[in-house]
Each structure stands twice: as C-alpha cells, then as structure tokens.
C-alpha cells in the first residue's frame, strides 16, 4: 500500500473538523510548496542531480531550514536508489513520507502534561507580537472544552495594555484573571495567582509572562525568577513551559526558540499564524533542529483555531491534492 493511501486511511479515522482546519490553515503553504513541486516534476522527467539541487532550493525557501534540508535530501537520495526510482513523479510520495518521519520523532509527546489529581501550572513565554496573549486565551478555551477549570495569571506587567488584553480574553472565555497594577513585580503576581488557584481548586493555571524588558539578560532573569516562585509554591511545576512563536517570522523564530530554551527549559512550541504564511516548512525546522515538540498550531482567527498539532494531519493538509490525485488514478 502506498504512503498516500495509508495516510488517507489514518486521516479518515479522525474528525473531519480537524482535517478541515489543517486543510484551510495550510492553504498558503500548500499552494506555494506543492505548486512549485509540481512545476519541478514537470520540468525534470527523470531523477538526477539537477532535480535534487532544485528541490533543495525549494525546501530551503519554504523555511524548512538548511540543516534539515541537507539531511532530508540525503535520505531521499538513499530511498531513490533503494527503490530504483527513475520518474520524478514517484519521488513526491517519498518526500511526504520523509517529512512525516521528521515530524513524528520516536518518544515524542505532543500532548499537554496535565496532572491527574493536582493543579497543572503552564508557563507561557515568547517575545511581544507573536500572539502570546491570544494563544493563552485560545488555550484556556481549549482546556475548558475538555472540562477543565482554568485561571489566568497576568504576569506581563511591563507591556502597556497587556493586562487589559488578557482580561478581555478572560471575559471572552469565562475564566478569572489574577492581576496587579501595571509595572508590578511579575513574581508577586505569580505568587498571588498560585494561591488563588489553590484556594479555588483550579485544574489549570495559565501564566502569561513578559515578552520584552530593557535587554535579553533582564528578560531571562525575570523569567527565571518567576519560575523559581512557581517551583517553590507548587513542587514539580511548571509542568509545561510553552514557547509561542510566529510562523511568519521564519528563521527568526528559530533564534528566539534557542534563546528562551536556554533560560526556561521549553517543553513545547505553540506556532501561531501558520495560516498566514506560505512557508509552513518552519514546523519541520523547529521540530528537527531544536528537538522540541510542536504542541499547538494557530490555523486561523477563531477561538477554536488553535489546534493540537498532529503530524499526519499536517502532512495530509500539505499534500492533499496529491493524495486525492492518486485515488483518482486508481
């Protein structure tokens, strides 16, 4: 059975709502990536070094990342030799298969680390402008849909309007927001939030944090301080440190991930605005080069458009036309 057929069977077993979200959210990337790949296939009828060179350029320009692309091209060359593939059309399913393998690393857990019989504390970090506060609001909605009680901690006390923005999301989702006045000590806000969440038997406490201080060192020191307060008040917490990245910023998102990863032990990525870029290959670069699982992706503006990441849905969303074309041929 071909890879595309196996992929379609797996997707059929999942809800059509999720499939549609990935299909619509990846439209720009699909149109760009698959469109250019089809042009490449028609340009080169046989698989040779020139074909691989142009494929390499295509992948790099889609923000897949140079290191990831080099490894991927080497693997493709090995598979082409092993399967004795001559026609470039036959390379397309192999490319999608290899992309799926890159996204589904063995031992990966893309689920949130929700505690069974105690409060879960999730620290949300990221620079200003990436959609951090919006992601917290949508994540609160996602958790409420699962039957969890949620509280928000307004720890970004430095950015003008950040507390009010979080309160708007709190009202929209129907969850309480623990706050102090603008300019307050974020660690003190976290202390208050943890005590309030404990007293009200809250399932999940989502903690917003500052995205920018005077310099990078100050920002990282502030995050460390916040983390220490949480650890002291809730042993084993934070149970997740989610880094919010903007998919439209491409390789800049990679450097942000490295910086935050050094300071806060990031456990998962929330990749926003994936629907707004034609370079969705950044998902592969993050997953492969940073060794941090992508846990959520932003696929639109609506409340439920923050979707739990699913590697198979991502690959299907990317290669949907090719999968369906193969069915027609059969």
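The values are calculated or read from the model by the stated rules, or taken from the named source; none is laboratory data. All values derive from a computational prediction rather than experimental measurement. Cβ placement follows ideal geometry from the backbone for every residue including glycine, while neighbour counts extend to all protein chains displayed.
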Yes or no: residue 176 under 17 Å from residue 120 (Cβ atoms) and either modelled with pLDDT of 95 or more or in contact with a strand residue (DSSP E or B) (Cβ under 9 Å, 6 or more places away or on another chain) (or both)?
yes
Count, please, the residues in the stretch 252-267 that happen to be touching a strand residue (DSSP E or B) at 6+ places or on another chain (Cβ under 8 Å) and at pLDDT 80 or above.
7
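A quick yes/no check of all residues on (1) modelled with pLDDT of 90 or more; (2) crowded, with 16+ Cβ neighbours inside 10 Å; (3) within 19 Å of residue 297 (Cα to Cα); (4) out of contact with any strand residue (DSSP E or B) (no Cβ under 6 Å at 6 or more places or on another chain):
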position: 16; (1), (2), (3), (4): no, no, yes, yes
position: 19; (1), (2), (3), (4): no, yes, yes, yes
position: 35; (1), (2), (3), (4): no, no, no, yes
position: 38; (1), (2), (3), (4): no, no, no, yes
position: 44; (1), (2), (3), (4): yes, yes, no, yes
position: 53; (1), (2), (3), (4): yes, no, no, yes
position: 56; (1), (2), (3), (4): yes, yes, no, yes
position: 62; (1), (2), (3), (4): no, yes, yes, yes
Which of the helices (runs of 4 or more DSSP H) contained wholly in the stretch 1-47 include at least 2 residues that are within 23 Å of residue 276 (Cβ to Cβ) and touching a residue at least 24 places away in the same chain (Cβ under 8 Å)?
16-25, 27-43
Among the candidates 120, 133, 88, 67, residue that is more than 18 Å from the chain's Cα centre (by Cα) and within 30 Å of residue 193 (Cα to Cα):
120
Which one of the conditions (1) farther than 18 Å from residue 315 by Cα; (2) surrounded by 17 or more Cβ atoms within 10 Å (Cβ to Cβ) does residue 69 fail to meet, given that it meets all the rest?
(1)
Give the residue, chosen from 128, 113, that is touching a strand residue (DSSP E or B) at 6+ places or on another chain (Cβ under 9 Å) and either free of Cβ contacts under 8 Å to residues at least 24 places away in the same chain or part of a loop (DSSP other than H, G, I, E, B) (or both).
113
What number of residues within the stretch 80-106 satisfy the criterion of being loosely packed, with under 13 Cβ neighbours inside 10 Å and part of a helix (DSSP H, G or I)?
3
